[in-house]
Amino acid sequence: MKKLNKRLMAILLATILVTSPVLADATVGDSIISIGADLTEDQKSKVIKELDAENSQLIEVTNAEEHKYLGSYIPAGKIGSTALSNAKVTLTEKGSGINVKVSDNINYITPEMYRNALITAGITDADVEVTALTSVTGTGALTGIMKAYETITGKVIPEDVKQVANEEMVVTFDLNEQLDNEETAKMLNDIKATFAKQMPETKEEAKTIIVNISNQYNINLTDEQVDQIADLLMKMKNVNIDWNAVSETASKYIGKARDYFQSEKGQETLKQTGNFLQRFFYWIASLFKKD
């Protein structure tokens, strides 16, 4: 009888796992919202309404989870003691890319920073909205986005990949503040794309890539900054990142930029800046030509 009960329990558990809504049958258009666990019920209702997420699955992200993934890269005071940022993730068609929208209350992380980190984490096709009811850094939202993506797709993002994605977000922000240059996130995206194609063996080879591409952006990096980016890239190399997806996604965004410069408005920009930008984008595109 005991053996029979154990067998029945095993069958029941297997049935629960197979029929769980985490979410082998997730389809395009399905959405999920991650909510800061420290919001009141009234505040959660306001966030759900703002994100038009009344029919979305809901999960919570705690401050402890934020510290788990950010504590090595951001001072504890910057992370804070409450989880208040929120995100909605909607699955989109294959090849559509990652589209990120942030509200004015997110004061620390830009759409490009989220997107680059999510590409590193292996997320390729999704619409992402990030918001908060008060002014917050938005750092915790990346944890929420990845947790939401795992829940809605059933795909597990490895822990070391989550860590390096969070580190990338922080490195990008630090460089953006130090350089006062909004091109920083784009530069890092191009550096990752070139790294994916060439896959250098040593840190010194990685530093050469970094310097060459930063020069194309007319961004003067210090030796310390080059070293910081090289360390990040070598960490990425040692975790299970889909470098083909990184390269393809970067190529897509580079292509969008090239399309802009071929438009009437883009041509006017070229007249004002000379043909440097055109040469630059054609050079970037050449990195993705098949050998």
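The values are calculated or read from the model by the stated rules, or taken from the named source; none is laboratory data. Everything numeric here is computed off the predicted structure, so don't read it as measured data. Note that each Cβ is placed from the backbone with ideal geometry, even for glycine, and that neighbours are counted across all protein chains shown.
Overview of results
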read-out: One residue from Thr124, Thr153 being modelled with pLDDT under 90 and under 25 Å from Leu51 (Cβ atoms); value: Thr124
read-out: Matching entry among Ala64, Ala117 (being closer than 14 Å to Gly36 by Cα and either at pLDDT below 90 or small (Gly, Ala, Ser) (or both)); value: Ala64
read-out: Subset tally (residues that are farther than 15 Å from Lys44 by Cβ and either charged (D, E, K, R) or not assigned by TED's automatic domain parsing to the domain that holds Asp30 (or both)) for region 55-112; value: 9
read-out: Any hit, region 238-258, residues being charged (D, E, K, R), modelled with pLDDT of 90 or more and within 19 Å of the chain's Cα centre (by Cα); value: no
read-out: Region 36-51: number of residues that are surrounded by fewer than 18 Cβ atoms within 10 Å (Cβ to Cβ) and either without any contact (Cβ under 8 Å) to a residue 24 or more places away in the chain or touching a Gly at 6+ places or on another chain (Cβ under 8 Å) (or both); value: 5
read-out: Neighbours by Cβ (under 6 Å, 6+ apart or cross-chain): first from region 225-243, in the same structural domain as Glu204 (by TED's automatic domain parsing); second crowded, with 18+ Cβ neighbours inside 10 Å and part of a loop (DSSP other than H, G, I, E, B); value: Asp242/Gly122
read-out: Any hit, region 92-105, residues being among the basic types (Lys, Arg) and surrounded by 22 or more Cβ atoms within 10 Å (Cβ to Cβ); value: no
read-out: Number of positions in region 52-72 that are surrounded by 15 or more Cβ atoms within 10 Å (Cβ to Cβ) and among the charged types (D, E, K, R); value: 4
read-out: Hits in region 174-218 (condition: buried (at least 16 other Cβ atoms within 10 Å of the Cβ), at pLDDT below 90 and not in a helix (DSSP H, G or I)); value: Asn181, Tyr217
read-out: Subset of region 127-143 [at pLDDT below 95 and either buried (at least 22 other Cβ atoms within 10 Å of the Cβ) or assigned by TED's automatic domain parsing to the domain that holds Val246 (or both)]; value: Val136, Gly138, Thr139, Gly140, Ala141, Leu142, Thr143
read-out: The listed residue being outside any helix (DSSP H, G or I) and either in contact (Cβ under 8 Å) with a residue 24 or more places away in the chain or within 29 Å of Ala83 (Cα to Cα) (or both), out of Val171, Val156; value: Val156
